[in-house]
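In what follows, a single structure is set out as structure tokens and then discussed.
Please treat every number below as a calculation from the coordinates, not as lab data. Just so we're clear, the structure is a prediction, and the values are computed from it rather than from any experiment. Cβ: placed from backbone, ideal geometry, glycine included. Neighbour counts: every protein chain shown.
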Amino acid sequence: MLRFSKTTTGTVLFLLDVLLIAIMWPLVLWISRPDALSLFALPSDSRGIDYPVFDVLALFSMGLYRRDAIVETGRSLTRVPLVVGIGTALAVLVSLMQQAVVPWATVPGGRDQSMLFGLAAVTFAFCAFAARVVIGSLIRRHILRRRLLVVGAGQRAWDLLLMLGREGSSLHDDVTLVHGVHEPIDPRLMIERPGRIICPPDFDIAAVATEVDADLIIVAPDERRGMNLERLLDCKKAGFPVIQYLSFVEREIRRIDLKRMELSWLVYTDGFTFGLLDRFLKRAFDLSVSSVVLLLTAPLLLAGMLAIRSEGPGPLIYRQERVTLDGKVFSIMKLRTMKVNAEAHGAVWAMEKDTRITRSGAFLRRARIDELPQLVNILRGEMSFVGPRPERPVFVRELAEKIPLYNERHMVKSGLTGWAQINYPYGASIDDARSKLSYDLYYVKNFSILFDFVILLQTLRVVLWPSGVR
């Protein structure tokens with residue numbers, strides 16, 4: 001029995017992009033230079049493969065496989081030319097670096113390089129446009145729908161439907177709900193899904209799963225005590241995947257649902273483990289990436305300092321106490337973006353249109369240039385490149401008193417960028433901190449070097465298209 005419970009719309013779009021590029025790019029190269037390339041082979045040098053690889057990396061790092069980008073197709077299409085241009089330019093840059101490092105390497109000359117750049121930009125833009133037109137058609141026809149069977153019809157099931165509608169990885173889910181005779185049904189479900197709520201005789205869930213041809217069964221009752229687990233076992237024996245509500249939410253929206261989280265689930269589920277090799281690789285990742293980024297952004301850092309000095313006297317670097325691994329306090333470094341003595345009356349949350357921010361400071365914050373001195377904190381080992389953003393001790397104490405598990409985010413070093421930063425707008429309230437914690441806990445629970453690399457790539461999207469920066 002073929003199941004599609006793990007299929008996401010973003011994955012299908014990615015495969016479409018790869019398929020179209022794999023067909024079109026060799027064909028375009030063959031047409032442009034039939035003497036140098038057979039129809040089914042790339043050139044002997046690396047020029048053929050560099051361009052498509054960097055194009056796909058650019059599409060991914062700019063978030064064009066995310067749910068919001070797929071939903072807002074028109075907005076994504078306007079960004080395609082810029083994203084493709086970035087990927088193509090990176091391929092050219094790598095080619096030039098290859099020539100500088102390995103002089104005897106075979107790389108295209110100036111005229112060939114220009115020709116490849118133009119061919120790549122036009123071809124990949126066409127492929128990206130075509131893939132998004134196709135995915136839009138598939139979505140409208142509901143071809144990519146998943147058939148989900150939810151065990152439960154209470155408030156938790158209602159919350160699940162809301163999250164699927166707002167954040168689900170699939171843009172169309174065909175949901176059927178099963179409830180027991182003793183379980184109250186949420187009135188909102190009676191209004192929204194009157195014909196999709198089933199109370200099977202003898203709680204025979206497997207029979208309902210077979211009838212609707214379910215791809216996945218999600219166990220989400222408000223009260224699990226007294227549930228007939230043998231019926232769920234029958235489903236597994238019949239070949240239907242079964243997953244708990246919290247595990248499904250974590251996998252589906254890639255954060256932890258703090259509203260309905262159970263400590264027992266955190267205890268028994270995988271995650272929150274950091275071996276010696278993990279820590280070694282993360283430190284090596286931090287040192288290498290921060291060194292390269294500091295070298296590349298040094299001109300921006302110097303320009304930011306000059307902009308601050310042009311507005312008057314005062315320190316260029318602003319130091320402030322923040323909390324990192326195991327609750328340790330360190331002095332974070334940032335370019336000063338506020339007026340001198342902006343917090344003379346005590347620490348306060350940042351606000352929209354904050355009058356304490358200088359004119360140059362507003363730009364430095366929006367472009368994230370003010371964060372660059374933190375690369376020195378990373379080299380010192382006080383921070384990591386990727387991790388939860390460090391908060392001030394006074395705010396940490398306040399948040400830890402009001403938000404359960406808040407201190408668990410300090411199981412790893414604080415970071416220059418993080419999973420919460422690329423998924424949630426800038427927050428300056430208790431509610432924002434709670435929402436961001438759901439992403440921070442997901443990162444801590446699922447830490448890996450590959451995950452750090454994914455976050456690093458997608459940070460470029462936040463820098464180029466900032467939202468909620470204060």
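Just the ratio, please: alpha-carbon radius of gyration of the stretch 154-216 over 2.2 N^0.38 Å, N its number of residues.
On the way: Rg = 12.1 Å, N = 63, 2.2 N^0.38 = 10.6 Å.
Computed over Cα atoms of the stretch 154-216, the ratio equals 1.14.
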### Query
Non-local amide H neighbours of Ile198 (under 5 Å, H modeled in plane, Pro and chain starts lacking H): which ones?
Leu177, Val178, His179
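Roughly speaking, what is the stretch gain from Arg75 to Glu167, that is 0.36 nm per residue apart minus the C-alpha to C-alpha distance, in nm to one decimal?
Details: separation 92, 0.36 × 92 = 33.12 nm, distance 1.80 nm.
Length gained, Arg75 through Glu167: 31.3 nm.
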### Query
Given Ser288, Ala125, Leu266, which one lies farthest toward the positive end of the charge dipole of the chain, if we put +1 on the Cβ of every Lys and Arg and -1 on the Cβ of every Asp and Glu?
Ser288
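Between Leu300 and Met190, what FRET efficiency follows from the Cβ-Cβ distance if R0 is 41 Å, with the result rounded to 0.05? Write down the numbers at each step before the final one.
On the way: r = 57 Å, r/R0 = 1.38.
In this case the efficiency is close to 0.10.
Output the peptides 80-87, 130-137 sorted from most to least packed, where packing is the average of other Cβ atoms within 10 Å over each peptide's residues.
My ranking of the peptides, most packed first, is 80-87, 130-137.
Taking the Cβ of Leu57 as the centre, find all other residues whose Cβ is under 14 Å away and add up their charges (Lys, Arg: +1; Asp, Glu: -1).
With Lys, Arg at +1 and Asp, Glu at -1, the neighbours total -2.
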### Summary
In the list (1) 22.3, 77; (2) 25.7, 78; (3) 21.7, 71, the entry giving Rg and Dmax of the Cα atoms in Å computed from the coordinates is (2)
### Task
Quickly rank 58-67, 242-251 as a protection proxy: mean count of other C-beta atoms within 10 Å, highest first.
58-67, 242-251
## Note on the structure
Any residue on another chain or 5+ positions along whose placed amide H is under 5 Å from the amide H of Ile256 is listed here as Tyr439, Tyr442
### Query
Could you give the nm distance between label points at Lys339 and Arg392, where each point is 7 Å from its Cα heading toward the beta carbon?
1.7 nm
## Note on the structure
Place a point 7 Å from the Cα of Ser448 in the direction of its beta carbon; the residues of the stretch 378-419 whose amide N falls under 18 Å from it are 386-387, 419
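Which helices count as membrane-span-like in the chain under these terms: full DSSP H, at least 27 Å along the axis by C-alpha, Kyte-Doolittle mean of 1.6 or more?
Working: long enough: 9-32 (34 Å, 2.07); 73-101 (41 Å, 1.16); 110-140 (45 Å, 1.14); 276-310 (47 Å, 1.24).
Correct list, ordered by number: 9-32.
What size of dipole, in debye to the nearest 20, comes out for the stretch 146-253 about its Cα centre when the only charges are +1 on Lys and Arg C-beta atoms and -1 on Asp and Glu C-beta atoms?
Values: 13 positive and 18 negative charges, 22 e Å.
Dipole size: approximately 100 debye.
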### Task
Mind checking which of Thr176, Ala220, Met190 is farthest towards the positive end of the stretch 160-248's charge dipole, using Cβ charges of +1 (Lys, Arg) and -1 (Asp, Glu) about the Cα centre?
Ala220
### Query
Any idea what the relative contact order of the stretch 173-275 is, in percent, if you count C-alpha pairs under 8 Å spaced at least 6 apart?
20 percent
### Summary
Restricting to Cα pairs under 8 Å and 6 or more apart, the percent relative contact order of the chain works out to 13 percent
